[in-house]
Amino acid sequence: MNIILLGPPGAGKGTQASFIVELKKVPHISTGDIFRQNIKEGTKLGVEAQSYMDKGLLVPDEVVVKLVEDRLNWQDTKGGFMLDGFPRTLTQAEALEEALSKIQKRIDVVLNIAVDANLLIDRITGRRICKNCGATLHAKYNPPSKEGVCDKCAGALYQRDDDKEETVKKRLVEYESKTQPLIDFYRQKGVLVNIDGQRGIKEVAQEIFEALKQ
Ligand code: ADP
Ligand code: ADP
Ligand code: ZN
């Protein structure tokens, strides 16, 4: 199954992705994670991406499209894949359609995780990530048993630089102007499924599981 996770920053895409990969056994392709990995390694791509990410802006389409096209050629995507945080603009969505049609593939389902803007700031500013295993927790909504320490691997938890309130506001503006139009794009293609992302993590996961059974 070829899945896209759509939704504003902080909607819970990454959190739900970790459940979906277990269920569907497909690789989790997060463009944000790929950029952060490149930043950590100090690659040319990382340096370029960081200059946009720090400002809360989207990385230019041609950079992201190239990256995803390459990633979709890996062997592990043969039995399906899940895209998280891509596409984020109409240009990216159209480039993806074209790239997939060349390899006789298509998107089966787009899970649109909907959350009101007023909840998102709280979710993002409270987000904490494990330095070691990448697990995502939340200071209030999904707290670790010991403050600052990952439950899974005891790694140290940190806050992403772009998760500070000022940058978050810019990211939400980018989402509304550039990413939101994708909801209609995929609705017209008949693959959109709306998920109520305002409920608890487990309830949202349940709704997604039901949607993926259809
Ligand atoms: P979130 O889901 O919280 O917005 P991500 O990890 O998906 O976070 O993305 C972090 C940042 O990486 C974005 O703000 C943007 O700068 C960049 N980015 C990730 N995916 C894309 C994309 N498809 N197009 C452009 N920029 C992207
Ligand atoms: P995204 O990948 O869409 O940016 P994340 O999955 O990283 O979002 O979630 C953002 C923050 O909100 C994280 O700290 C996460 O633990 C928390 N979170 C995710 N889903 C929920 C939920 N349904 N209710 C409350 N908090 C949530
Ligand atoms: Zn960890």
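Conditions first: (1) outside any strand (DSSP E or B); (2) more than 14 Å from ligand 1 (Cβ to nearest atom); (3) open to solvent by less than 50 Å² (accessible area, probe 1.4 Å). A99 passes all but one, so which condition is the exception?
With (1) outside any strand (DSSP E or B); (2) more than 14 Å from ligand 1 (Cβ to nearest atom); (3) open to solvent by less than 50 Å² (accessible area, probe 1.4 Å) applied to A99, the lone miss is (2).
Among the helices (runs of 4 or more DSSP H) confined wholly to region 159-214, which include 2 or more residues that are open to solvent by 20 Å² or more (accessible area, probe 1.4 Å) and modelled with pLDDT under 95? Show your work before the answer.
Numbers: elements: 165-174, 181-188, 201-213.
Passing ranges, in order: 165-174.
For region 123-148, which positions are open to solvent by 20 Å² or more (accessible area, probe 1.4 Å) and in contact (Cβ under 8 Å) with a residue 40 or more places away in the chain?
Of everything in region 123-148, those that are open to solvent by 20 Å² or more (accessible area, probe 1.4 Å) and in contact (Cβ under 8 Å) with a residue 40 or more places away in the chain turn out to be R123, T125, R127, G134, T136, Y141, N142.
Quick one: in region 136-158, of everything that is within 11 Å of ligand 2 (Cβ to nearest atom), assigned to a strand (DSSP E or B) and not polar (S, T, N, Q), which residue is farthest from the chain's Cα centre (by Cα)? Can you show your working first?
Residues of region 136-158 that are within 11 Å of ligand 2 (Cβ to nearest atom), as a first pass: 136-144, 157.
Among the residues that remain, those that are also assigned to a strand (DSSP E or B) are: 136-138, 142, 157.
Adding the requirement that they be not polar (S, T, N, Q) leaves 137-138, 157.
Values: L137: 15, H138: 16, L157: 19 Å.
Top of the filtered list is L157.
Determine, yes or no, whether R71 is more than 21 Å from L192 (Cβ to Cβ), within 14 Å of ligand 2 (Cβ to nearest atom) and among the basic types (K, R). Step through it out loud before you land on a result.
Details: more than 21 Å from L192 (Cβ to Cβ): yes; within 14 Å of ligand 2 (Cβ to nearest atom): no; among the basic types (K, R): yes.
Taking the combined requirement at face value, the residue does not satisfy it.
Check A93 against each of (1) among the small types (G, A, S); (2) free of Cβ contacts under 8 Å to residues at least 40 places away in the same chain; (3) in a helix (DSSP H, G or I) and name the one condition it does not meet.
Only one criterion is unmet by A93, namely (2).
In region 22-56, what residues are hydrophobic (A, V, I, L, M, F, W, C) and surrounded by fewer than 16 Cβ atoms within 10 Å (Cβ to Cβ)?
Looking only at region 22-56, we keep the residues that are hydrophobic (A, V, I, L, M, F, W, C), and these are 23, 26, 29, 34-35, 39, 45, 47, 49, 53.
If the condition is that a residue be hydrophobic (A, V, I, L, M, F, W, C) and surrounded by fewer than 16 Cβ atoms within 10 Å (Cβ to Cβ), then L23, V47 are the ones that fit.
Can you name the condition, by its number, that E48 falls short on among (1) out of contact with any helix residue (DSSP H, G or I) (no Cβ under 7 Å at 6 or more places or on another chain); (2) farther than 21 Å from K213 by Cβ; (3) more than 16 Å from ligand 3 (Cβ to nearest atom); (4) among the acidic types (D, E)?
(1)
Starting from residues that are at pLDDT 95 or above and out of contact with any Phe, Trp or Tyr (no Cβ under 9 Å at 6 or more places or on another chain), keep the ones in region 122-135 and report whichever is nearest to ligand 2 (Cβ to nearest atom).
Looking at residues that are at pLDDT 95 or above and out of contact with any Phe, Trp or Tyr (no Cβ under 9 Å at 6 or more places or on another chain), I get R127.
The values are calculated or read from the model by the stated rules, or taken from the named source; none is laboratory data. Just so it is clear, the structure is predicted and the values come from calculations on it, not from any experiment. Note that each Cβ is placed from the backbone with ideal geometry, even for glycine, and that neighbours are counted across all protein chains shown. When the accessible area is computed, the model is the full protein with side chains, heavy atoms only, and any ligands, DNA or RNA have been set aside. Shrake-Rupley method; radii C 1.70, N 1.55, O 1.52, S 1.80 Å.
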